[in-house]
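Asker: If you scroll down you'll find the structure; I have some questions about it.
The values are calculated or read from the model by the stated rules, or taken from the named source; none is laboratory data. As the structure is a prediction and not an experimental result, all values here were calculated from the model. With ideal geometry, Cβ positions are generated from the backbone for all residues, glycine too; neighbour counts draw on all protein chains shown.
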Amino acid sequence: MHKGDHRRIKPSHDYRRESTQARTERRAMTAGPSAGMSAAKRWSHCLFAVLLATSLLVWWHSLASTLILALERDAYTHILLIAPLSVALICLERNTVQLPFEGSAGAGTFLLTIALFMRVVAEWGAAIPSDVRLSLNMLALVVWWIGSVIFCFGTRAFRWFLFPLCFLLLIVPIPDAVLNWIIEWLQQQSATTARLMFRVARVPVTQDGIMLFIPGLDIEVARECSSIRSSLILVITTIVLVHLLLRSWWRKSLLVAAAIPLSFVKNGFRIFVISELGTRVDPSFFDGQLHRHGGIVFLTIALGAVVALLWVLRRTEGPHPRKLVLSAARE
């Protein structure tokens, strides 16, 4: 080649063909795992949809009965909130992690079998009362849902979504015998709390069970005044708040435990306020809106106390770092 010769040497045709083939192979190797994961993801979701549809077909009567119960009886109104809250919590936590879609057939099949067994026992147990039968059927339904999650997405997904999945247990209606005991306990504790408040206010008062006697007025804490609905809503709201805003188990347990006495303290305060207003201000308070529809006012006061306690407990935990979780963190 002479010094002034600047001719460009062109690559051979074979070299270009080999380069194109190599690039194609590299793209295929890169796309292979992604395509496989995408197919597995679609299969897991399709299978879960089939299992979910199956549960709706098998337990449709129990679901309808529970919905009617929640709409007609105050003690079961909270059931209407559980499923939407669980779905919202799952969606919220799903955005923080990418889990592999590796189903656990063994554990999932075991729970699905248990759910079907409970369903058979509930339907064919002649000696089982109707309210217990409904509770057992709804418990079987929740077990089926949890088993479906484990079967399709694995135990790691169950551990990650442990709270919202177990939260679904609250859609199980409380059997009448247990509910009656809770209402009677709330009646008794509400009457005791109101008696203590009257004494603090220097109002002469005596108590006989759920009856209170003050000058010019006899008060009975009836079942309708037990505040069962607002008490359950208070406890459920507290459970959700501590899950979202607190980290340590002892702080969570402490605040949920505090919500239980608050449930009857707010009702005792309601009895005290209405009685004082009715005897000192205007007797119309005994049949007024505060008596009939004032539960939300005292529930708001109790929720304010929960939020204040939550603020104190949250400050003792120190700064909350931003939550960033990778799939490898759950290995």
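Asker: Which one of the conditions (1) out of contact with any helix residue (DSSP H, G or I) (no Cβ under 7 Å at 6 or more places or on another chain); (2) surrounded by 14 or more Cβ atoms within 10 Å (Cβ to Cβ) does SER130 fail to meet, given that it meets all the rest?
Answerer: Just one mismatch for SER130, condition (2).
Asker: To continue, here is another question. Against the conditions (1) closer than 23 Å to LEU179 by Cα; (2) touching a helix residue (DSSP H, G or I) at 6+ places or on another chain (Cβ under 7 Å); (3) surrounded by 20 or more Cβ atoms within 10 Å (Cβ to Cβ), where does PHE269 fall short? Just the number, please.
Answerer: Condition not satisfied by PHE269: (3).
Asker: Also: Could you grab me the full set of residues in segment 175-191 that are in contact with a helix residue (DSSP H, G or I) (Cβ under 6 Å, 6 or more places away or on another chain) and charged (D, E, K, R)?
Answerer: The one that is in contact with a helix residue (DSSP H, G or I) (Cβ under 6 Å, 6 or more places away or on another chain) and charged (D, E, K, R): ASP176.
Asker: Picking from GLY147, GLY106, which residue would you name as being part of a helix (DSSP H, G or I) and at pLDDT 95 or above?
Answerer: Working: GLY106 fails: at pLDDT 95 or above.
After applying the criteria, what remains is GLY147.
Asker: Does segment 84-93 contain any residue that is surrounded by 13 or more Cβ atoms within 10 Å (Cβ to Cβ), more than 30 Å from ILE228 (Cα to Cα) and at pLDDT below 95? Break it down stepwise before answering.
Answerer: Quick first cut of segment 84-93, residues surrounded by 13 or more Cβ atoms within 10 Å (Cβ to Cβ) only: 85-86, 89-90, 93.
Checking the rest, the ones that are also more than 30 Å from ILE228 (Cα to Cα) come to 93.
Cutting the leftovers down to at pLDDT below 95 gives us 93.
The answer is yes; a qualifying residue exists.
Asker: Quick test for you: out of MET118, MET197, pick the one residue that is among the aliphatic types (A, V, I, L, M) and touching a Phe, Trp or Tyr at 6+ places or on another chain (Cβ under 6 Å). Write out each step before concluding.
Answerer: On the way: MET118 fails: touching a Phe, Trp or Tyr at 6+ places or on another chain (Cβ under 6 Å).
Testing whether each residue is among the aliphatic types (A, V, I, L, M) and touching a Phe, Trp or Tyr at 6+ places or on another chain (Cβ under 6 Å) leaves just MET197.
Asker: Test of understanding: among LEU111, LEU139, which residue is part of a helix (DSSP H, G or I), within 22 Å of PRO84 (Cβ to Cβ) and assigned by TED's automatic domain parsing to the domain that holds TRP59? Walk me through how you get there before you give the answer.
Answerer: Values: LEU111 fails: within 22 Å of PRO84 (Cβ to Cβ).
Exactly one of LEU111, LEU139 is part of a helix (DSSP H, G or I), within 22 Å of PRO84 (Cβ to Cβ) and assigned by TED's automatic domain parsing to the domain that holds TRP59, namely LEU139.
Asker: To continue, here is another question. For residues in segment 178-231 being of a type in the set (Gly, Ala, Ser) and over 27 Å from the mean Cα position of the chain (by Cα), which is nearest to THR279 (Cα to Cα)?
Answerer: So in segment 178-231, the residues of a type in the set (Gly, Ala, Ser) come out as 190-191, 194, 201, 209, 216, 222, 226-227, 230-231.
Okay, now just the ones that are also over 27 Å from the mean Cα position of the chain (by Cα), so 191, 194, 201, 209, 216, 222.
Working: ALA191: 18, ALA194: 15, ALA201: 14, GLY209: 22, GLY216: 8, ALA222: 19 Å.
Step by step, filter segment 178-231, then rank; the result is GLY216.
Asker: Condition check: within 18 Å of ALA70 (Cβ to Cβ), among the hydroxyl-bearing types (Ser, Thr, Tyr) and surrounded by 14 or more Cβ atoms within 10 Å (Cβ to Cβ). Does SER104 satisfy that?
Answerer: On the way: within 18 Å of ALA70 (Cβ to Cβ): no; among the hydroxyl-bearing types (Ser, Thr, Tyr): yes; surrounded by 14 or more Cβ atoms within 10 Å (Cβ to Cβ): yes.
Criteria not met by SER104.
Asker: Could you check ILE260 against (1) of a type in the set (Val, Ile, Thr); (2) within 23 Å of the chain's Cα centre (by Cα); (3) more than 24 Å from LEU212 (Cα to Cα) and say which number it fails?
Answerer: Failing condition for ILE260: (3).
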